[in-house]
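The values are calculated or read from the model by the stated rules, or taken from the named source; none is laboratory data. Quantities reported herein were computed from a predicted structural model and do not represent experimental measurements. Glycine also receives a Cβ, built like all others from the backbone with ideal geometry; neighbour counts cover every protein chain displayed. Note: areas computed on protein heavy atoms with side chains; ligands, DNA, RNA excluded. Shrake-Rupley method; radii C 1.70, N 1.55, O 1.52, S 1.80 Å.
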Amino acid sequence: MSATEESGEEALYVLTAVLLTPAQFPSVLGDDYPEVCAALGLEPYEPGYGLVLGQDGKGARWTVVTDDVSLVACAIATWDCGMEYALSLDDRTVVASLPGWPLAVAVAAPGVPAPHDPAPDARPGGAARQPLAPPD
């Protein structure tokens, strides 16, 4: 599932993606859609979001939030069929780039350093935004 998405000057190596919609969301993050959105610092958006989990070229973990739910759903369906899909986001559909991963990811991008939290100066909002981490 490793594909790259050019975001600014740095590539994001996509490892996986999940849907965050009123009908389908990672239940380990909350009991309902608004609670999961709040946990991620997002406003509930009726069509929902796609969460793209990946690493930058230095190995830092990032969660890119997109409002292009259909693109993410298509990628997930294709991957579930065992086929390759180069998930490439349009910058106009990116809602946020959040440090860390809200879910456990068992794979890493080949050829880049081991997954780690981005340095505070690389995070949007600086050190004020703590990296996402999977719940215990």
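A single member of SER70, SER97 is of a type in the set (Gly, Ala, Ser) and free of Cβ contacts under 8 Å to residues at least 60 places away in the same chain, and it is SER70.
Within 12 Å of LEU20 (Cβ to Cβ), modelled with pLDDT of 95 or more and assigned to a strand (DSSP E or B): which single residue out of VAL65, VAL36, VAL72 fits that description? Please lay out each step first, then the result.
Values: VAL36 fails: assigned to a strand (DSSP E or B); VAL72 fails: assigned to a strand (DSSP E or B).
When all the criteria are applied, what remains is VAL65.
Of all residues in region 120-136, those satisfying the criterion of being open to solvent by 50 Å² or more (accessible area, probe 1.4 Å) and part of a loop (DSSP other than H, G, I, E, B) are PRO124, GLY125, ARG129, GLN130, ALA133, PRO134, PRO135, ASP136.
Of the set (1) part of a helix (DSSP H, G or I); (2) open to solvent by 60 Å² or more (accessible area, probe 1.4 Å), all apply to GLY111 but (1). So in region 86-105, with the set limited to residues that are open to solvent by 70 Å² or more (accessible area, probe 1.4 Å) and either outside any loop (DSSP other than H, G, I, E, B) or out of contact with any Ser or Thr (no Cβ under 9 Å at 6 or more places or on another chain) (or both), which one is farthest from VAL72 (Cα to Cα)? Per the criteria, the residue is ALA104.
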